[in-house]
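Presented below is the structure to which this report refers.
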Amino acid sequence: MGLIIGLAAGLGLLLMLLGLTSAPSQKKRLPSRLSRLIDRSGLERVTPGALIGACVGLGLVGGIVVLVVTSVPSAGLIAAIILGSAPILVLRRRARQRGKALRSCWPDAVDLLSSAVKAGLSLPEAVVDLSVRGPEPLRPAFVRFASEYRATGSFDRALSVLTAVLRDPVADRVILALATAREVGGTDLGRVLATLSDFVRQDARSRGDVEARQSWTVNAARVAVAAPWITLLLLCTRPEAVAAYRTPTGTLILVGAAVMSVVAYRVMIAFGRLPDEPRVLR
């Protein structure tokens, strides 16, 4: 038994290490849900395979630890499933935070573009200027844009690099508007940028208000799901509780409770969260 636990723990640690250190594949990514989640989180070096490896490794290690502490196989299995999904949950949280941060920055960035164009700068020069004067979270991406534009002189190619770096739905709409404005040009460029700034600001304000009103539902779902399992861990410190949960009836109760917890959590999250914005560029 000790040898099996040691081998499983070593395999889990190896998978976690591979998930954190694997280099991204040079093949074109498939438009899977994991790929879209990684895109929205802004982690360029993470691949779907590495993420799956980290989930499996963390699940194995966590399940073994809970099994050793509680001596309840079903509790170890449930812990492995919950901890195995932790990397994906963390990535989703990062994607939401990054989306909010970028959404709040784009109105100011577009305002700066409009002011620079009105001051006499060309559109490419105005976009390059955002690498110095733009909002702080967006500056690294525009530094990449500036480097590509100076190296190739192609505005469209530099915008493609900017799209690949940001990988954000709001950024896609802004970049598409910039490409269109570049093609149209003329005296309407300032008006196009001003309209774009108003649209992005109103969209960010409306989405922020809805998310703030619905945040209590998400928090209530997390508390409602976590509370009984924390209680279970406390109960498993008593030998009589461990003996009860090691029986077939106890295992059935734990599995049924886990299924109901997942279903209830997903339903509450579905009611309390806005759908993800689709990307228009790839």
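The values are calculated or read from the model by the stated rules, or taken from the named source; none is laboratory data. Here the structure is a predicted model, which is why all the values come from computation and not from measurement. All Cβ positions, even for glycine, are placed from backbone atoms using ideal geometry, and neighbour counts span all protein chains on display.
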Would you mind stating whether Val267 is more than 25 Å from Thr70 (Cα to Cα), of a type in the set (A, V, I, L, M), modelled with pLDDT of 80 or more and assigned to a helix (DSSP H, G or I)? yes
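Determine which member of the set Val90, Val68 is of a type in the set (A, V, I, L, M, F, W, C) and either crowded, with 18+ Cβ neighbours inside 10 Å or within 20 Å of Val46 (Cβ to Cβ) (or both).
It is Val90.
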Residue check for Leu189: over 30 Å from Trp106 (Cβ atoms) and modelled with pLDDT under 80: no
Going by the conditions given, is Leu232 touching a helix residue (DSSP H, G or I) at 6+ places or on another chain (Cβ under 8 Å), surrounded by 13 or more Cβ atoms within 10 Å (Cβ to Cβ), within 30 Å of Ser114 (Cα to Cα) and at pLDDT below 80? no
Return the pair list, or none, for Cβ contacts closer than 7 Å from residues in segment 107-128 that are assigned by TED's automatic domain parsing to the domain that holds Thr195 to residues that are in a helix (DSSP H, G or I) and of a type in the set (Asp, Glu), at least 6 apart or on different chains. Ala116/Asp129; Leu121/Asp129
Which one of these does Ser131 not meet: (1) free of Cβ contacts under 8 Å to residues at least 60 places away in the same chain; (2) closer than 14 Å to Leu193 by Cα? (2)
Options Val143, Val56, Val46: the member that is in the same structural domain as Ile175 (by TED's automatic domain parsing) and of a type in the set (Val, Ile, Thr): Val143
